[in-house]
Amino acid sequence: MRALKELTGVAAPLPMINVDTDMIIPKQYLKTISRDGLGKGLFHSMRYNDDGTDNPDFVLNKEAYKNADFLIAGDNFGCGSSREHAAWALEDFGIRCVISSSFSDIFYNNAFKNGMLLIKLPQDVIDNLMQQAEYGSNAKFSVDLESQTVTAPDGSEHKFELDEFRKHCLLNGLDEIALTLEKDACITGFEKTASQKHSWLSPAS
Amino acid sequence: MAAQTLYDKIWDAHVVSTEPDGTCLIYIDRHLVHEVTSAQAFSGLRHNNRQVRRPELTLAVVDHNIPTSDRSKGINDPESKLQVDTLRTNTDEFGVEYYDEQDVRQGIVHIIGPEQGFTLPGTTVVCGDSHTATHGAFGALAHGIGTSEVEHVLASQTLLQNKSKNMQVLVKGKLPDGVTAKDLTLAIIAKTGTAGGTGHVIEYRGEAISDLSIEGRMTLCNMAIEGGARAGLVAPDEKTFAYLKGRPKAPRGKDWDEAVEYWKTLKTDEGAHFDLTVEIDASSIAPIVTWGTSPEDALPITDTVPDPKSFKDEHKQTAAQRSLDYMGLTAGTSLSDIEIDKVFIGSCTNGRIEDLRAVAKVVEGKKIAENVSAMVVPGSGLVKKQAEEEGIADILKSAGFDWREPGCSMCLGMNPDRLKPQERCASTSNRNFEGRQGHGGRTHLMSPAMAAAAAVTGKLTDVRTIVNS
Ligand code: SF4
């Protein structure tokens, strides 16, 4: 996983609530067996017209936001399915940090596993950041993970909460599976006790 | 020991280790896999030279991409075919049991787990699919995971998790006649909102929940995720044990007795703490349909399409207006005046035998309306077989329903079953998001009985007016 310590860039404002994973990446992109190249499908039905041309009104098609690093979104971002393709598509497009008042649980987990940072801030702060993001390419946001701070274009600083373990993995770009496999003895011990206590746990065949 | 909730008990029994910040490594007892969210996980294992730790705890099935028409000719769409072929190669290589499209046990992943007795009370169940919440109907802690987590589970049989908060939904009283588990679950989401359960595991409790059949409890828990919850739970009881007994992968003999002994302890202790409680009076619930593009946009069929201005929150007003535009609806229209083009009976929410019986009961001796085309997609090969044996298939076919092979089908339209732009569908599935059933398609969620009533009249209809007449 790619580490993330600091990030500075433009933030695309997406002031919609309940942006679901079908909107982030629709089903026609789920047939891939690879993780790569999904950026082209990001927000497909809002981003493209029916004839496949770009919809000029959609935020990510506007010149100022074509290379956005941040997305500022309405409440309950990423609700719906477990498809990690949603995180892959955002990351492939170039968005490494999404800021909202809340995220769905599964999307939240998926994003961090892909080196993305999701930041939860109160609704009034989101409303304010959303306004600042509207200023486009001159409005630079930055985030510092170590100090857990977002700095808005107007210089205001906003602290955010994050679990220590997630922060540690993201700062160092750690492979969680490798970390877990180091605990092999512990897992084996757990399995032994569980199978002694509950012999029914093994599926009949 | 302090009084514990059902969730606390299952959680505690599965903690392998704890990080200093409280993040836990949780043991996973059952893992279900389908073709859409697993390919990248298996290739990750291969890339890192890793094995599946306990292949016997994973069960794989094809469901999302599979055609529901005659399968003898194979899959036409090359991308779907590649994804399905990849699942076969992966399960062969890593030694995981796989039900392919020719197997009578094949079906939607959340239907076959319980059907085979793979899902059991007190276990942890995961799957790369958000509707894994379904399995909570058995008192299993079950939730959807992403593909990186699928890989993590395959490699280590564990998952890194932070414990969620405890929420209870207390459903007092009895559901009126003609009102089903689907109406109940939609009523709950209408009340809590789609983010109401975020960060929580819901335990459904109360008389109306005990009264539900096991299949009804699956419908209920299936949509816990639509309320934002990580998982839904119902404490196991005698109905649960009776449902599981004798299923192929359920414990047998002495193991069965010991299991039941343990399962009986799986209930919330008197006085246990819930961080959040929502109370609902079952007797006040009417048959429900959705009018918008979020499952929380749900109202009794006797109501009208709401005015976006009637919502207090400005963000909600914008969302409601967008929904009405997308759905092609005008505020103030009676829900029961909305004409439909399609009916879809199926999905992991309502693709089980009781659902098909409910449809048959409404349409028996009737014909579907001329303006409607309707399809039934059984949730599994075994459901299909049973429905054929019970004569349900014949009733549905003579009413004019198209009788299909099992799979996810038009619940999300990854296979050829899709709505055309602006087609309006009465659907027993779980999501009415924009484009969910096909680009531009308009979905109204409802119970199987309500979808059957809509099929017969050609518009959204209160099923109680049909059955009672
Ligand atoms: S039936 Fe629908 S909701 Fe259920 S697993 Fe299939 S696609 Fe997902």
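The values are calculated or read from the model by the stated rules, or taken from the named source; none is laboratory data. Everything numeric here is computed off the predicted structure, so don't read it as measured data. When we count neighbours, we look across all protein chains shown, and the Cβ atoms used for this are built from the backbone with ideal geometry, even at glycine. Each accessible area value is taken on the protein alone, full model and side chains, heavy atoms only, with ligands, DNA and RNA left out. Shrake-Rupley method; radii C 1.70, N 1.55, O 1.52, S 1.80 Å.
Tell me, what is the FRET efficiency for B:Asn49 and A:Glu63 to the nearest 0.05, using R0 = 51 angstrom and their Cβ-Cβ distance as r?
Values: r = 45 Å, r/R0 = 0.89.
It comes to 0.65.
If you take each beta carbon of peptide A:174-184 and count the beta carbons of other chains within 10 angstrom, what is the mean? Numbers along the way, then the final one.
Working: counts 0, 2, 7, 14, 4, 5, 10, 7, 0, 5, 2.
Per-residue shielding by partner chains comes out at 5.
In the Gaussian network model of chain A, springs joining C-alpha atoms below 10 Å, which of A:Phe112, A:Phe103, A:Phe165 carries the largest mean-square fluctuation?
A:Phe165
Can you compute the modelled spin-label distance between B:Asp337 and A:Ser195, with each label point 7 Å from Cα toward Cβ, in nm?
6.6 nm
Could you state the number of Å between the C-alpha centres of segment B:319-334 and segment A:75-154?
Each part's Cα centre sits 29 Å from the other's.
For segment A:6-174, which whole-number percentage of the solvent-accessible area (1.4 Å probe, protein heavy atoms only) is attributable to carbon and sulfur atoms?
Working: 2790 of 6160 Å².
Within segment A:6-174, the accessible surface is 45 percent carbon and sulfur.
Of the beta bridges DSSP finds with both residues in the protein assembly as shown, what % are antiparallel, to the nearest 5?
Working: 25 of 79 bridges.
Of the beta bridges lying entirely in the protein assembly as shown, close to 30 percent run antiparallel.
Pull up the cross-link candidates among the lysines for B:Lys245, meaning alpha carbon to alpha carbon under 24 Å and not fewer than 8 places away within one chain.
Within the straight-line cut-off, B:Lys245 pairs with A:Lys197, B:Lys9, B:Lys254, B:Lys264, B:Lys267, B:Lys384, B:Lys385.
Cα convex hull of segment B:235-385: mean projected area in nm², to one decimal?
Details: hull surface 57.6 nm².
Seen from a random direction, the Cα hull of segment B:235-385 projects 14.4 nm² on average.
Taking R0 as 30 Å, what FRET efficiency do you get between A:Asn49 and B:Lys312 from their Cβ-Cβ distance, rounded to the nearest 0.05? Write down the numbers at each step before the final one.
Numbers: r = 34 Å, r/R0 = 1.13.
Approximately 0.30, to the nearest 0.05.
Please report Rg over Rh for segment B:264-315, where both radii come from the alpha carbon positions and Rh follows the Kirkwood definition.
Over the Cα atoms of segment B:264-315, Rg/Rh equals 1.15.
Per DSSP H run of n ≥ 4, the term is -39500 (n - 2.57); total these for chain B, divide by its residue number, and report the mean residue ellipticity at 222 nm rounded to 500 deg cm²/dmol. Don't skip to the answer; put the middle values down first.
Numbers: 17 runs with 155 residues, N = 469.
Only helices count here, giving -9500 deg cm²/dmol.
List the relative contact order of segment B:213-344 as a percent without decimals, with contacts defined as Cα pairs under 8 Å and 6+ residues apart.
Values: 96 pairs, mean separation 20.3, N = 132.
For segment B:213-344, the relative contact order is 15 percent.
Past the 30 Å Cα-Cα mark, which pairs from A:Lys27/A:Lys66; A:Lys40/B:Lys191; A:Lys113/B:Lys182?
In this structure, A:Lys40/B:Lys191; A:Lys113/B:Lys182 exceed 30 Å between Cα atoms.
Counting protein heavy atoms only and a 1.4 angstrom probe, how many square angstrom of accessible surface do chains B and A bury in total, to the nearest 100?
Values: alone 18610 and 11320 Å², together 24240 Å².
Rounded to the nearest hundred, the buried surface is 5700 Å².
State the Cα centre-to-centre distance between segment B:138-201 and segment B:407-429 in whole Å.
24 Å
With r defined as the distance between the Cβ atoms of B:Gln321 and B:Asp77 and R0 fixed at 41 Å, what FRET efficiency is calculated, to the nearest 0.05? Write out the running numbers ahead of the final one.
On the way: r = 36 Å, r/R0 = 0.88.
Step by step, r from the Cβ atoms, then E = 0.70.
To the nearest whole percent, what portion of all C-alpha pairs in the protein assembly as shown is separated by more than 46 angstrom?
Details: 28811 of 226801 pairs.
The answer is 13 percent, as a whole percent.
Tell me the relative contact order for chain B as a rounded percent, counting alpha carbon contacts under 8 Å between residues six or more apart.
Averaging sequence separation for qualifying contacts and normalising by length gives 17 percent for chain B.
Before I look further, what does the protein assembly as shown give for accessible area per residue, probe 1.4 Å, in whole square angstrom?
Details: 24240 Å² over 674 residues.
Ligands and nucleic acids excluded, the result is 36 Å² per residue.
For segment A:6-174, what's the relative contact order in percent, using C-alpha pairs closer than 8 Å and at least 6 residues apart?
26 percent
Amide H neighbours of B:Ala231 under 5 Å, counting only residues 5+ apart in sequence or on other chains, H built in-plane at 1.01 Å?
When sequence neighbours closer than 5 places are left aside, the close amide H contacts are B:Ile202.
What per residue convex hull volume, in Å³, do the alpha-carbon atoms of chain A yield?
Working: hull volume 31.4 nm³, N = 205.
Enclosed volume per residue, from the Cα hull, is 153 Å³.
Collect residues whose amide H, placed 1.01 Å from N in the peptide plane, falls under 5 Å from the amide H of A:Met16; neighbours closer than 5 in sequence don't count.
A:Gly74
Rounded to a whole number, what % of the accessible area of chain B do carbon and sulfur atoms account for, probe 1.4 Å? Each step should come with its number before you reach the end.
On the way: 7690 of 15920 Å².
Roughly 48 percent, rounded to a whole number.
Just to be sure I understand the interface: list residues from segment B:255-291 that lose 40 Å² or more of accessible area between the chain on its own and the complete protein assembly, 1.4 Å probe.
B:Asp255, B:Tyr262
So if the hydrodynamic radius of chain B is defined as the Kirkwood radius over C-alpha pairs, what does Stokes-Einstein give as its diffusion coefficient at 4 °C and 1.567 mPa s, in µm² per second?
On the way: Rh = 22.5 Å.
For these conditions, the coefficient is 58 µm²/s.
How compact is segment B:125-221 by the rule of thumb for globular proteins, expressed as Cα Rg over 2.2 N^0.38 Å?
Normalised by 2.2 N^0.38 Å, the Cα Rg of segment B:125-221 equals 1.19.
Consider all pairwise Cα distances in segment B:335-469 and report the whole-number % of them above 21 Å. Display every interim value, and only then the final one.
Numbers: 2877 of 9045 pairs.
Result for the distance tail: 32 percent.
Once phi is turned into ³J(HN,Hα) by the Karplus curve 6.51 cos²θ - 1.76 cosθ + 1.60 with θ = phi - 60°, what whole-Hz value does each residue of segment B:420-436 show in order, with x for glycine and proline?
Result, ordered by residue: 8, x, 6, 5, 10, 10, 8, 10, 8, 7, 10, 10, 10, 4, 3, x, 4 Hz.
Along Cα→Cβ, 7 Å out, is where each label goes; now give me the distance between the ones at A:Asp154 and B:Thr465 in nm to one decimal.
Using points 7 Å along Cα→Cβ, the separation is 5.3 nm.
Distance in nm between label sites at B:Glu364 and B:Glu19, each 7 Å beyond Cα in the beta-carbon direction?
5.7 nm
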